[in-house]
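Participant: Quick one: the structure is below, and I'll ask about it shortly.
FYI, it's all coordinate maths here, none of it is from the lab. Not measured: the values here are computed from a predicted model. So basically every Cβ, Gly included, is an ideal-geometry build from the backbone, and we count neighbours across all protein chains shown.
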2 protein chains.
Amino acid sequence: MIKIGLDAMGGDNAPSAVVEGAVLAARGAAGRYGIVLTGPEDIVKAELSRLGWTDADTGIEVFHAPDLVAMDDSPSAVLKTKPNSGLVACVSLQKAGKVQASISAGNSGAMMAACLMILGRVGQISRPAIACVMPALGKKTVVLDCGANVDEKPATLVHFGICGSVYAEAVLGRENPTVALLNMGEEEKKGPESLQEAHQLLKTAPVNFVGNIEGRDLLKGEVDVVVTPGYTGNVVLKLMEGFHEYHLKLFGAVDSDAGRQFEHDWDYSNFGAALLLGLNGTGLITHGRADAKAIKNGLEAAFHQASAGVTEKIAAKLAQLADAETPTA
Amino acid sequence: MIKIGLDAMGGDNAPSAVVEGAVLAARGAAGRYGIVLTGPEDIVKAELSRLGWTDADTGIEVFHAPDLVAMDDSPSAVLKTKPNSGLVACVSLQKAGKVQASISAGNSGAMMAACLMILGRVGQISRPAIACVMPALGKKTVVLDCGANVDEKPATLVHFGICGSVYAEAVLGRENPTVALLNMGEEEKKGPESLQEAHQLLKTAPVNFVGNIEGRDLLKGEVDVVVTPGYTGNVVLKLMEGFHEYHLKLFGAVDSDAGRQFEHDWDYSNFGAALLLGLNGTGLITHGRADAKAIKNGLEAAFHQASAGVTEKIAAKLAQLADAETPTA
């Protein structure tokens with residue numbers, strides 16, 4: 001059975017919201033997967049008791065990890081200075097084969113660093129990306145990178161496309177998913193030099209590349225995967241969150257089918273997590289402000305990703321890319 | 001009196017919407033400014049007649065410019081091959097001192113190229129930017145560059161900040177306008193290398209630099225000017241347009257105070273134009289889909305920019321920057 005390591009102490013609302021999310025997920029999982037809460041044992045167990053969790057309940061274990069990571073701790077230092085934190089422990093357990101996915105609502109830079117150092121990268125991936133499943137009028141879209149990287153080389157953008165494509169197919173069930181490059185015009189000679197080069201590389205990469213799209217197209221939901229550098233993807237992600245906040249402030253909760261549809265699609269807690277794609281393993285981060293619902297849905301996302309074998313499928317696609325890059329004549 | 005050169009043949013709805021917009025503006029201008037429509041004289045005059053414009057009406061002149069520019073003409077070629085087009089003529093008239101601003105809804109790359117080659121740049125500006133006044137919950141925000149440039153050097157981003165700051169003060173009436181850098185975190189060590197360097201340069205530039213903001217903050221309207229590279233600014237601009245379209249499709253026109261506020265703030269035709277800042281003159285572009293209202297409001301924006309002396313004020317700020325850059329010890 002798949003088990004998921006969950007950092008009990010990560011995020012603004014930890015540990016109460018995190019433990020509550022774990023309980024919600026365990027009750028909904030109905031034996032599909034197990035959860036290992038990593039954090040100070042006494043604190044986590046007290047939260048579980050508070051929520052009516054007893055020794056008779058199954059699906060949640062606690063792994064003692066007493067160190068605490070702060071949101072402003074240096075990501076690169078956390079691994080060395082706080083190896084016995086909930087954040088590092090949930091990843092170390094994956095490396096040891098005790099869990100098959102790891103998730104934290106805490107310091108996202110530290111979580112990425114821990115995953116990168118402990119799990120490593122898959123294939124020839126240079127840097128893993130943060131992928132987000134974003135709302136759109138049509139089908140939801142996997143957008144990456146949403147902020148793990150800066151100043152990416154063209155080949156890195158191609159890796160993003162492969163990772164996103166595999167996820168869209170394996171987890172979202174999209175057939176031969178379309179991959180687009182976010183650019184400032186449809187023509188291939190548009191945009192920063194690195195994007196123009198990436199455009200050429202994507203044409204022959206083992207993905208269904210459909211060319212450039214523009215910012216306006218993001219919300220149409222006509223493609224499955226959108227590739228963009230981390231700086232711009234992060235601006236897009238945060239602007240989408242900003243639009244949701246703006247809408248709530250201007251209109252309040254809209255009591256209509258359209259209003260409920262909007263809230264369902266735009267409330268991040270309904271998906272719950274961003275995906276760290278390109279790792280040799282399954283790592284996810286959730287919003288620092290994650291509530292119990294976001295944690296529960298993040299655990300579901302982790303389960304689906306781990307059980308779909310995303311890592312292995314990315315490795316297979318990367319091998320195709322490597323074959324294509326090897327001169328044969 | 002200020003006169004504005006308007007490319008009668010630019011945009012998807014030219015010449016009818018453009019000429020209609022000119023008539024609306026001329027009737028609303030009440031002698032504050034004049035309009036020179038540049039295009040094939042017979043076509044433009046026929047449109048004017050159709051709209052009931054007679055020789056007794058004042059405020060619109062026609063300048064004969066028979067060449068036609070297509071939306072997909074190479075921007076760099078238009079100036080050489082179509083010097084007698086409405087697009088080039090409205091800029092040439094500014095160079096000759098016959099008009100004080102130029103505006104086109106046509107091929108925006110060609111308009112930028114014509115302005116750049118004919119009017120030139122102000123001070124030590126390396127490349128002019130496209131600036132857009134964007135909606136927000138608080139005050140509207142000047143965002144630049146929205147797509148004129150790629151792969152900017154840090155000093156170019158500082159020039160964007162100066163241009164935006166001058167515009168916000170001179171035209172929008174903001175006192176000591178705040179300038180922020182759009183980034184992927186508040187800390188100065190965040191983001192692409194060029195942004196980290198720009199952050200340091202902006203600290204000592206002659207603007208009221210308030211540090212980094214994130215995508216989520218764009219819609220809060222807490223700062224006056226937001227600086228970002230052209231690629232990302234273009235994605236932001238188009239995504240904002242996408243939000244508006246998405247909202248219309250999901251909710252339709254919302255019949256409430258909030259709905260009317262939203263439509264007022266997000267309908268680009270209410271501002272009508274994007275500003276080409278950093279030119280030695282006043283150039284504006286409007287949306288290719290501009291209707292008569294957008295053209296009218298674009299002409300108003302051109303009038304306000306030209307009469308506020310934005311170019312001269314940018315030159316003065318750039319001189320301060322140059323002074324600061326000259327070693328004194």
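Participant: Pull up the DSSP beta bridges for the stretch B:1-155 and report the antiparallel fraction as a percent, rounded to 5.
Facilitator: Taking every DSSP beta bridge within the stretch B:1-155, about 20 percent pair in antiparallel fashion.
Participant: Restricting to DSSP H runs of at least four residues, report the calculated mean residue ellipticity at 222 nm for chain A, -39500 (n - 2.57) per run over all residues, nearest 500 deg cm²/dmol.
Facilitator: The helix-only estimate for chain A comes to -14000 deg cm²/dmol at 222 nm.
Participant: Still on this structure, I have one more. Let me see the P(r) profile for the stretch A:125-248: every Cα-Cα distance counted, bins of 10 Å, each bin given as a percent of all pairs.
Facilitator: 15, 50, 31, 4, 0
Participant: Can you give the FRET efficiency for residue A:126 and residue B:187, using 1/(1 + (r/R0)^6), R0 = 25 Å, r = Cβ-Cβ distance, to the nearest 0.05?
Facilitator: E(calc), rounded to 0.05, equals 0.55.
Participant: Moving on to the next point. What nm value, rounded to one decimal, do you get for the distance between residue A:151 and residue B:80 when each label is placed 7 Å out toward the C-beta?
Facilitator: For the pair residue A:151/residue B:80, the computed spacing is 3.6 nm.
Participant: Determine one quarter of the surface area of the Cα convex hull of chain B, which equals its mean projected area, and express it in nm² to one decimal.
Facilitator: Across all orientations, chain B yields a mean hull projection of 17.7 nm².
Participant: Let me ask something else. Mean 1/r over all different Cα pairs, inverted: what Kirkwood radius does the stretch A:215-329 give, in Å?
Facilitator: When all Cα pairs of the stretch A:215-329 are included, the Kirkwood radius is 16.9 Å.
Participant: Along Cα→Cβ, 7 Å out, is where each label goes; now give me the distance between the ones at residue A:139 and residue B:27 in nm to one decimal.
Facilitator: The two pseudo-label positions are separated by 5.0 nm.
Participant: Output ³J(HN,Hα) for the stretch A:96-110: one whole-Hz value per residue in order, computed from phi by the Karplus curve 6.51 cos²θ - 1.76 cosθ + 1.60 with θ = phi - 60°, and x for Gly and Pro.
Facilitator: Going residue by residue, I get 7, x, 7, 10, 10, 7, 9, 9, 9, 9, x, 3, 5, x, 5 Hz, with x marking Gly and Pro.
Participant: Assuming R0 = 51 Å, what is the FRET efficiency of residue B:56 and residue B:249, from their Cβ-Cβ distance, to the nearest 0.05? The partial results should precede the final answer.
Facilitator: Working: r = 45 Å, r/R0 = 0.89.
With a Förster radius of 51 Å, E is 0.65.
Participant: Still on this structure, please answer the following. Would you mind giving the mean number of other chain beta-carbons within 10 Å of the Cβ of each residue in B:219-230, as a whole number?
Facilitator: Mean partner-chain Cβ count within 10 Å for B:219-230: 2.
Participant: Mind telling me which of A:159, A:287, A:247 comes out most flexible in a GNM of chain A, alpha-carbon contacts under 10 Å?
Facilitator: Result: A:247 has the largest fluctuation of those listed.
Participant: For the protein assembly as shown, what does the convex hull of the Cα positions come to per residue, in cubic angstrom?
Facilitator: Value for the protein assembly as shown: 183 Å³ per residue.
Participant: Which whole number gives the average count of other chain Cβ atoms within 10 Å of the Cβ atoms across peptide A:295-308?
Facilitator: Average per residue, whole number: 0.
Participant: Kindly express, to the nearest 10 degrees and within the range 0 to 90, the angle between helix A:230-251's C-alpha long axis and the longest C-alpha principal axis of chain A.
Facilitator: It works out to around 70 degrees.
Participant: Here's a follow-up. Check each of the GluC sites (Glu not before Pro) in the stretch B:86-185 and keep only those in coil by DSSP with at most 15 other C-beta atoms within 10 angstrom; list them in order.
Facilitator: B:175
Participant: To check you understand DSSP bridge types, tell me what percent of the beta bridges within the stretch B:126-277 (both residues inside) are antiparallel, rounded to 5. Please report the intermediate quantities before stating the final value.
Facilitator: On the way: 7 of 17 bridges.
Around 40 percent antiparallel, to the nearest 5.
Participant: Related question: What's the average, rounded to a whole number, of partner chain beta-carbon atoms within 10 Å of each residue's beta-carbon in B:241-248?
Facilitator: If you average over the peptide's residues, the count of other-chain Cβ atoms is 6.
Participant: Also, I was wondering about something else. In the neighborhood of residue B:66, defined by Cβ-to-Cβ distances under 11 Å, what is the net charge if each Lys or Arg adds +1 and each Asp or Glu adds -1?
Facilitator: With Lys, Arg at +1 and Asp, Glu at -1, the net is -2.
Participant: Please enumerate, by chain and number, the aspartates and glutamates with C-alpha under 20 Å from the C-alpha of residue A:82, excluding those fewer than 8 residues away in the same chain.
Facilitator: Qualifying aspartates and glutamates at Cα under 20 Å: A:7, A:12, A:41, A:42, A:67, A:72, A:73.
Participant: Students often forget the sequence filter, so: which aspartates and glutamates lie under 12 Å Cα-Cα from residue B:296 once same-chain residues fewer than 8 apart are removed?
Facilitator: Cα-Cα hits under 12 Å: B:20.
Participant: Sticking with this structure for a sec: Just add up the charged neighbours of residue A:258: K/R +1, D/E -1, any other residue whose Cβ is under 12 Å from the Cβ of residue A:258.
Facilitator: Net charge in that neighbourhood comes out at -2.
Participant: May I pose another question? Can you give me the C-alpha center-to-center distance between the stretch A:237-253 and the stretch A:19-55, rounded to a whole angstrom?
Facilitator: Result: 32 Å between the Cα centres.
Participant: In addition: For each pair in A:238/B:220; B:203/B:317; A:95/A:313; A:153/B:190; A:153/B:238; A:140/B:238, compute the distance between the two Cα atoms and list the pairs where it is over 21 Å.
Facilitator: A:153/B:238
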